[in-house]
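Trainee: Below you will find the structure I want to go over with you.
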Amino acid sequence: MHSIHLASIRGNMNGRYNYKMYAIYHPDAIKCAKTLESLGYELVERETPVAVKDIQGEYLKSKIHKNGCCGEKELVKLEAYTLTQHPIIVHMDLDTLVLNPLDYLFDWMLADDSSSYDVSDVPIMWKDEPSPKKVNAMFTRDYNMGGGRKKKNRSVQGGFLILRPDLDVYNEFVEIIRKGDFRESGGWGGQTGVFYGSMTFQGIVPYYYDFLHPGEGVELDRCTVNQMADNPRNKRTVNDIVNGDCMTGEDECEDCRSHPLEDILTAHFTLCQKPWICLPEDSDVIQQRLCRKLHHQWHRIRSDLEQSWGRAEIGPGTYQPEHFYGHCNTHSGKGYVYIEEPFGIQ
């Protein structure tokens, strides 16, 4: 939340847009959601868009509860489309960090004619594709999650989605889920392929924007947006030598692990693990260099938040305090020093 604050019109990065924070959660997660209320999040409690018992497709009905990270409950993310009081919603997982303003992404989405907008500075994944007349969604793909060789058979990474809220779009998603045309070997409508989380959010979003409504969604460069420091090729990296074919299907592909930190808009702590696990990531190898920098940024922003509440820059933790800002006592989750209440008000 504080990283969003810093990148907004209220922060110090020259951002031009304001923000409002929502926490969308399933009723089973009320205990977790309540911890966010005192920080200024508005809680949005929603059931899954369609109850599993109401799904007509027998294969989906019988399998969805064990699919991906969270089963059918991950479809609660689609409730972001119902927040129509705002022109744009940025849906992010909680293990995400904003490092620079997203203003030019918002500018493009809000343009009257998106196809005439100058996108030279926008981190688009496929620059040769025509620009949509109206951009309704922006996302990144997770090329390491399997699927076919074509990009349309690849998962949308479920931790980041910029969307134009719209009840008609939401209702169409509801009907897709209710019909439940997910096939064992072909995915949604027999077209999307099968991969991790393909029955839920990471599969239904590409089905909507790649197959049902092509030309409304834009794939962003995952090295710049929703950066996860993933290996771009299908074989192991050994001694900084990257091996194998590009997961994107290209002949040559950028290694996100070498992308300049200053050019990253948002980071997502998946492969790098969570900053609050206090992992040093201090080996001089490509698998750890960027992760260490991103973890340092997370702890720097936590420090900035606490300083805004009148607290010290460096906390009481003794493990690599110059890197973790005094938030860790040992290199494990048990060594993490939690933010103490009462929380301040921004």
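Every number here is computed from the coordinates shown, using simple stated rules; none is lab data. Predicted model, so just to flag it, every value in this text is computed and none were measured. Every residue, glycine as well, gets a Cβ built from its backbone with ideal geometry; the counts of neighbours run over all protein chains shown.
Trainee: Amide H to amide H under 5 Å from Gln157: which residues, 5+ apart in sequence or cross-chain, H placed 1.01 Å off N in plane?
Mentor: The answer is Thr140, Arg141, Asp142.
Trainee: A follow-up question, please. Mind sorting out which of (1) 77, 62, 51; (2) 55, 46, 44; (3) 117, 60, 36 is the real Cα extents along the principal axes in Å computed from the coordinates?
Mentor: Read-out from the structure maps to (2).
Trainee: Place a point 7 Å from the Cα of Ile88 along the Cα-to-Cβ direction; which residues of the stretch 21-65 have their backbone N under 18 Å from it?
Mentor: Answer for this model: 21-22.
Trainee: Moving on to the next point. Express in nm, to one decimal, how much length is gained between Ile339 and Lys293 on full extension, taking 0.36 nm for each residue of separation and deducting their alpha carbon distance.
Mentor: Result: 14.4 nm gained on full extension.
Trainee: Then there is this: Provide the packing ranking of 300-312, 155-167, i.e. peptides ordered by the mean count of other C-beta atoms within 10 Å per residue, highest first.
Mentor: 155-167, 300-312
Trainee: By per-residue mean of other Cβ atoms within 10 Å, what is the highest-first order of 116-129, 318-331?
Mentor: Order by mean packing, descending: 318-331, 116-129.
Trainee: If you don't mind, there's one more thing I want to ask. Give me the one-decimal nm value for the distance between modelled label points at Asn18 and Asp245, 7 Å along each residue's Cα-to-Cβ direction.
Mentor: 5.1
Trainee: Sequence-distant or interchain residues sharing an amide H contact under 5 Å with Asp245, placed H: which?
Mentor: Those qualifying (amide H under 5 Å, at least 5 residues apart or on another chain) are Asn234, Lys235.
Trainee: Per residue Cα convex hull volume for the stretch 21-219, in cubic angstrom?
Mentor: Normalising the Cα hull of the stretch 21-219 by residue number yields 123 Å³.
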